[in-house]
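Read through the structure below, which is laid out as structure tokens, and then see the notes.
Just so you know, all these numbers are worked out from the coordinates, no wet-lab data involved. Here the structure is a predicted model, which is why all the values come from computation and not from measurement. Virtual Cβ from ideal backbone geometry, glycine too; neighbours counted across all protein chains shown.
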Amino acid sequence: MIWPPVKAWTSKINLNGQLHFVAINYGGELLKRWVLLMSVLDSTVVVKVPWSQLVDLSKWEAGWDEINHRVSSKLVNNKSDIKTTNFSLPSIDSGLTIPISKKTIRPWFEKS
């Protein structure tokens with residue numbers, strides 16, 4: 001996996017019914033790297049995921065996988081069960097800020 005992370009991610013388990021996420025920010029160094037992910041369909045679902053979990057193919061996949069059926073997480077049954085995180089601003093290279101102040105924008109997907 002590349003660092004900084006691509007923007008499109010798919011969770012292998014439903015997080016409050018959400019599977020597709022956008023990496024809106026990231027930080028940390030070496031083993032303490034993290035990525036802040038926001039649901040594509042529900043912007044109230046924001047999770048901070050350690051990089052070590054994000055690169056675990058049993059938990060996350062770079063890109064937006066279109067598999068129709070996923071197993072619901074036993075840990076997440078309703079919105080109140082999700083531990084969301086507050087965030088201040090998207091990263092400068094996210095392409096999600098207005099105005100876009102940097103010419104280098106992180107890619108949405110990994111290059112094949």
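Things to note:
- Amide H contacts of Leu19 (H built 1.01 Å from N, under 5 Å, at least 5 apart or other chain): none
- Total formal charge among the other residues, if their Cβ is under 12 angstrom from that of Leu36, Lys/Arg +1 and Asp/Glu -1: +3
- Counting Lys and Arg as +1 and Asp and Glu as -1 over every other residue whose Cβ lies under 13 Å from the Cβ of Asn25, the net charge comes to +3.
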